[in-house]
Amino acid sequence: MEFLKYIVVIIVGYLMGCIQSSYLIGRKNKIDIREHGSKNAGASNAFMVLGWKKGALVALIDILKAAIPVFVVTQIFPDSSLLAMTCGVAAVLGHIFPVFLGFRGGKGTACIIGMALGLNPIIFIVAIIAIVLVTIITDYVAIGTLVLLISFLVTLIILDYSMAAIFLFAAIAIINMYLHIPNFKRIKQGTETGLRSVLKKRKKD
């Protein structure tokens, strides 16, 4: 019975994660988001390619598609942090490797924020403060994401989540960071597009 619970939450979480809002909104605007900008089907690329309004909509949908199933699991199984974490990780994997788009999705940062929202409001608040402040200070979303992941992990430890749940989150965090390696290389080379330059460009447009 316990095994069946995990199978169900993995399937539900993964399928929710496969809802590719950036791709769908991009298609509505007659483009494949994966062929423009950073060629990534995520909120940050949608923000750069489609503008802040559509980018914000993509981010909201990507957050909710992880937050909703995780929150439901926490309500049905309040004593199983691992089950809720499994659901959230499955949603992030669905976003990164969507079966309906040939396993070419985004990096999963917005989904990770959604997972935090579904798990615990404290984790969510810490994660949001981390990514917003660091991104504004450094001008780079990738650096903000790195600090978000670290703060998420530390908060899980402080809130005494199970070691299994912590290790599971660490695994998805490593995948997310691996996908950000090109961003860090561009930051080092001075060729990464900063948040302020995107905002200036959009303001002129």
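Bear in mind these aren't lab numbers, they're just calculated from the coordinates by the rules spelled out. Bear in mind that the values here come from a model prediction, so they are computed numbers and not experimental data. Backbone-built Cβ (ideal geometry, glycine too); neighbour counts: all protein chains shown.
Under the definition of Cα pairs under 8 Å and six or more residues apart, what whole-number percent is the relative contact order of the chain? Kindly include the intermediate steps, with their values, before the conclusion.
Values: 310 pairs, mean separation 40.5, N = 205.
Value for the chain: 20 percent.
For region 100-205, the normalised intensity computed at q = 0.18, 0.19, 0.24 Å⁻¹ comes to -0.93, -1.01, -1.31 (log10 of I(q)/I(0), Debye sum over alpha carbons, equal scatterers, no solvent). When the Cα positions of 138, 154, 120 are compared along the charge dipole of the chain, 138 comes out farthest toward the positive end, with charges on each C-beta of Lys, Arg, Asp and Glu.
Sorting 158-166, 142-150 by average packing, meaning the other beta carbons within 10 Å per residue, from highest down gives 142-150, 158-166.
Neighbour counts of other Cβ atoms within 10 Å put 177, 115, 85, 1 in the fewest-to-most order 1, 177, 85, 115. Among complete DSSP H helices in the chain, those whose alpha-carbon atoms stretch at least 18 Å along the helix's long axis and whose mean Kyte-Doolittle hydropathy reaches 1.6 are 2-17, 81-96, 121-138, 141-158, 163-179. Here, region 66-109 has an Rg and a Dmax of 11.7, 36 Å when only alpha carbons are counted. Projecting the Cα atoms of 181, 169, 93 onto the charge dipole of region 79-205 (Cβ charges, centred on the Cα centre) puts 181 farthest toward the positive pole.
Per DSSP helix of 4 or more residues, -39500 (n - 2.57); summed, then divided by the residues of the chain. What does that give at 222 nm, rounded to the nearest 500? Theoretical 222 nm ellipticity from helices: -24500 deg cm²/dmol.
Taken over the alpha carbons of the chain as equal point scatterers, the Debye sum produces base-10 log I(q)/I(0) values at 0.07, 0.09, 0.11, 0.13 Å⁻¹ of -0.19, -0.32, -0.48, -0.67. A simple charge model with +1 on the Cβ of Lys and Arg, -1 on the Cβ of Asp and Glu and nothing else charged puts the dipole of region 2-204 at about 1300 debye relative to its Cα centre. Using a Cα distance threshold of under 18 Å, what count of lysine pairs results for region 2-204 when pairs must be 8 or more residues apart or interchain? Eligible lysine pairs with Cα atoms under 18 Å apart amount to 21.
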